[in-house]
Amino acid sequence: MLPSLRVLILRSNRFHGSIQDSLTNFSFSKLQMVDLSHNDFTGLLPTEFFQNLKALKEEVGYDSEYFSYSVNLTIKDLELEFTKTVHMPIFTCVDLSDNGFHGEIPKVVGELRLVLALNLSHNSLTGPIPPSFGNLAARESLDLSFNKLSGRIPSQLTNLTFLEVLRFWNNNLVGPIPQGKQFDTFENDSYQGNLGLCGLPLSKECSNDERSQQAQDEEDNGNGIAFFWKVAMMGYGCGMVLGISIAYIVFTTGRPWWLVRMIERDLQNKVSSWFGKKRK
């Protein structure tokens with residue numbers, strides 16, 4: 001019932017039980033920093049809670065609000081204090097680590113495209129990593145370590161071009177590690193404790209079957225864009241064929257008198273209607 005709340009930090013307490021659904025759809029609509037880590041929360045991850053985090057899905061106006069903070073720096077043996085003023089918000093994050101959450105990660109988490117840091121580590125989460133995580137374009141840090149996640153790492157995650165920290169430690173992930181873009185910058189310590197993973201940067205090579213499956217996944221990932229361009233090119237091609245056909249008929253048969261008559265008749269009707277109105 002706090003629609004203007006932007007920062008919620010309850011870390012390192014003894015809260016327990018499951019997080020209940022809200023009584024209103026407007027709860028936490030402006031919340032941008034959530035830290036419930038190091039507690040004893042249990043149950044499924046709260047899907048409705050994530051759905052209500054509208055400020056993490058789309059830009060929210062702040063009525064020109066600013067936030068000032070001080071930074072102490074030592075320069076040439078002199079300690080200087082600088083005051084920095086920045087426009088809100090300064091950071092966006094969701095940290096539910098070190099609890100007892102179980103079950104699969106809700107797909108709605110992939111809609112929080114403005115979250116810079118997501119930490120769901122040290123829980124008992126199962127199932128696959130949602131491919132919708134590839135929509136989190138602003139993500140700089142992703143920590144899913146010490147869970148029971150399974151399946152392949154979605155190739156869509158290579159779309160996270162701002163990702164600096166990646167931790168998948170100690171899960172049950174299998175298959176080839178996606179290649180390209182930001183994933184080429186991570187070392188093997190990002191994937192430790194997943195014996196089923198293969199491919200660079202790990203020393204374990206992938207089998208031919210695993211490579212072919214990875215290629216299929218990457219092809220499926222691009223199918224949406226490819227399908228759009230195929231449809232566009234088909235439409236362009238059909239239009240070109242139709243236009244050339246009409247032009248050929250016009251040049252081989254002379255003027256299209258049926259079209260000329262139709263235009264003249266329509267123009268004559270409009271002129272007659274206009275003169276009729278003038279006389280009235």
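The values are calculated or read from the model by the stated rules, or taken from the named source; none is laboratory data. A quick note: this is a predicted structure, and the numbers were derived from the prediction, not measured. Positions of Cβ are backbone-derived with ideal geometry, glycine not excepted, and every protein chain shown enters the neighbour counts. Each accessible area value is taken on the protein alone, full model and side chains, heavy atoms only, with ligands, DNA and RNA left out. Shrake-Rupley method; radii C 1.70, N 1.55, O 1.52, S 1.80 Å.
Criterion first (of a type in the set (A, V, I, L, M, F, W, C), in contact with a helix residue (DSSP H, G or I) (Cβ under 8 Å, 6 or more places away or on another chain), at pLDDT below 90 and open to solvent by less than 50 Å² (accessible area, probe 1.4 Å)) does Cys198 satisfy it? Write out each step before concluding.
On the way: of a type in the set (A, V, I, L, M, F, W, C): yes; in contact with a helix residue (DSSP H, G or I) (Cβ under 8 Å, 6 or more places away or on another chain): yes; at pLDDT below 90: no; open to solvent by less than 50 Å² (accessible area, probe 1.4 Å): yes.
No.
Taking the conditions exactly as written (at pLDDT below 90 and surrounded by 15 or more Cβ atoms within 10 Å (Cβ to Cβ)), does Asn221 satisfy them or not? Can you show your working first?
Numbers: at pLDDT below 90: yes; surrounded by 15 or more Cβ atoms within 10 Å (Cβ to Cβ): yes.
Yes, satisfied.
Val165 - would you say it is open to solvent by 10 Å² or more (accessible area, probe 1.4 Å), over 15 Å from Glu140 (Cβ atoms) and β-branched (Val, Ile, Thr)?
In short, no.
Kindly indicate the residue of the range 99-109 that is modelled with pLDDT of 95 or more and within 21 Å of the chain's Cα centre (by Cα) and also least open to solvent (accessible area, probe 1.4 Å) among those meeting that condition.
Narrowing the range 99-109 to residues modelled with pLDDT of 95 or more: 99-105.
Narrowing further to those that are within 21 Å of the chain's Cα centre (by Cα): 104-105.
On the way: Glu104: 115, Ile105: 9 Å².
It comes out as Ile105.
Kindly indicate which of Leu112, Leu125, Leu116 is open to solvent by less than 10 Å² (accessible area, probe 1.4 Å), modelled with pLDDT under 95 and closer than 21 Å to Glu48 by Cα.
On the way: Leu125 fails: modelled with pLDDT under 95; Leu116 fails: open to solvent by less than 10 Å² (accessible area, probe 1.4 Å).
Matching residue, one of Leu112, Leu125, Leu116: Leu112.
What is the residue count in the range 93-150 for residues that are out of contact with any helix residue (DSSP H, G or I) (no Cβ under 9 Å at 6 or more places or on another chain) and among the charged types (D, E, K, R)?
6
Hey, among Leu136, Leu142, which residue is modelled with pLDDT of 90 or more and open to solvent by less than 60 Å² (accessible area, probe 1.4 Å)? Please lay out each step first, then the result.
On the way: Leu136 fails: modelled with pLDDT of 90 or more.
Answer to the check: Leu142.
Scan the range 168-191 for residues that are within 20 Å of Lys204 (Cα to Cα), open to solvent by 70 Å² or more (accessible area, probe 1.4 Å) and free of Cβ contacts under 8 Å to residues at least 24 places away in the same chain and jot them down. Spell out the reasoning first.
The initial filter retains those residues of the range 168-191 that are within 20 Å of Lys204 (Cα to Cα), namely 168-180, 183-191.
The next check asks that each one be open to solvent by 70 Å² or more (accessible area, probe 1.4 Å); those that pass are 172, 179, 184-185, 187-189.
Scanning the range 168-191 gives Gln179, Asp184, Thr185, Glu187, Asn188, Asp189.
Where residues in the range 87-98 are touching a Ser or Thr at 6+ places or on another chain (Cβ under 7 Å) and either among the β-branched types (Val, Ile, Thr) or open to solvent by less than 40 Å² (accessible area, probe 1.4 Å) (or both), which of them is farthest from Ala55 (Cα to Cα)?
Within the range 87-98, the subset touching a Ser or Thr at 6+ places or on another chain (Cβ under 7 Å) is 95-98.
Pick out the ones that are also either among the β-branched types (Val, Ile, Thr) or open to solvent by less than 40 Å² (accessible area, probe 1.4 Å) (or both) and you get 95-97.
Working: Asp95: 16, Leu96: 18, Ser97: 21 Å.
Ranking the candidates gives Ser97 first.
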